[in-house]
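Visitor: The structure is given below, and queries will be raised subsequently.
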Amino acid sequence: MAVDELDGRGVLLGLACGDALGRPVEFWSPDRIAHDYDTLTEMVGDGTWGKPSGTITDDTDLALCIARSLVECDNFDPTDVASRFVDWYDSGPFDIGNMTAQAINRLKQGDPWDVAGQQVWEASPEGSNAGNGSIMRCPPLAIPYADDLETLARVSRQSSQITHADPRCTYGCAVLNLTIAGYLNNAPNPLTGALDRLGADMPAELQAALEPLANGDRPDSLSTSGYVVHTLQTALHDVLTADTAEDAIVTAVNRGGDTDTVGAVAGAVAGARFGASELPARWVAEIDEERELRRLATDLCTVEGD
Ligand SMILES: [Mg+2]
């Protein structure tokens, strides 16, 4: 396994930092954030979910489910991941997305992993069928499979399908993880490499949103809705244009809207790009799960896979 352990830690800790920084201002407008904080640069308590500072949400919880499963199974086993999602749901999390809740309910009724999300997707109308709930949790896969990009693309899509079967979600996970793997491998242009690898398989909306970023063009406007294409475009934009990991995550969170998830996705990519040591220590120290995230990142480097 060629991945630098420190960069792998950056992926998991960066995801948790973006999630926890964004949590108290989730659903806020950028103006409201600016009014209360000028620029939100510190972990704060209370706010949207009324939790202590540094509290993570479903984004990191579900990424932890995938990371623990990879380490304990020494492979990607979607049935095992799905059963961990069910256990997490039964623990009564305070934050959970619509499609995730619906798919987990189907898993609890006996649907296999590759049926539950498909059924939910087929029953969901356009506009509420392609949320960002699978991209926010998939980055742990990029660590063990960074040296096998074909497998990484496949397992990333499968990890999405458990709850989010829309091709924009499944390929969203693939392009995100291939980009993260590119940074872990010190590739010259990770997003370009990811888009080239997926090629014509990419859904047109994703291609249209991400190709300009890869070419260095900057979109006129960026959205922070829960639509997977918006979240990926905004988070990747903020990492590609940042000079530091902190800049990337602060910019993403202060846009308002789905702050924890845009922050988590930007954080995972920024952690891969800049490394764990470049994440602000004052943020990392607030994350209760820090030790487990560090240990998992190390252990993920030794997963054998297929
Ligand atoms: Mg969340």
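All of the numbers you see were taken from the coordinates with simple rules; none came from a lab. It should be emphasised that the depicted structure is a prediction, and the values quoted were computed from it without experimental measurement. All Cβ positions, glycine included, derive from the backbone under ideal geometry; neighbour counts span all protein chains shown.
Visitor: So which chymotrypsin sites (Phe, Trp or Tyr not before Pro) in the stretch 61-130 pass both tests, a DSSP loop state and at most 13 other Cβ atoms within 10 Å of the Cβ? Spell out each step's value before the answer.
Guide: Numbers: sites: Phe76, Phe85, Trp88, Tyr89, Phe94, Trp113, Trp121; in loops: Phe76, Phe94.
Filter output for the stretch 61-130: Phe94.
Visitor: Using the scaling law 2.2 N^0.38 Å as the reference, what is the normalised Cα Rg of the stretch 159-306?
Guide: The stretch 159-306 yields a ratio of 1.03.
Visitor: In addition: Tell me which cysteines of the chain come out unpaired when the rule is another cysteine's Cβ under 4.7 Å.
Guide: So, Cys17, Cys65, Cys73, Cys169, Cys301.
Visitor: In percent, what relative contact order does the stretch 5-300 have, based on Cα pairs under 8 Å that are 6 or more apart in sequence? Numbers along the way, then the final one.
Guide: On the way: 579 pairs, mean separation 96.4, N = 296.
Relative contact order for the stretch 5-300 comes out at 33 percent.
Visitor: Within the stretch 69-96, whose backbone N sits under 15 Å from a point 7 Å along Cα→Cβ of Asp288?
Guide: What the label zone holds, given the 15 Å backbone N cut-off, is 91-95.
Visitor: Can you tell me what percent of all Cα-Cα pairs in the chain are more than 23 Å apart?
Guide: Beyond 23 Å sits 49 percent of the P(r) for the chain.
Visitor: Hey, if you put +1 on the Cβ of every Lys and Arg and -1 on every Asp and Glu Cβ in the chain, which of Pro140, Phe85, Thr41 ends up farthest toward the positive end of that dipole?
Guide: Phe85
Visitor: How big is the gap, in Å, between the Cα center of the stretch 162-208 and the Cα center of the stretch 17-53?
Guide: A separation of 29 Å, based on Cα centres.
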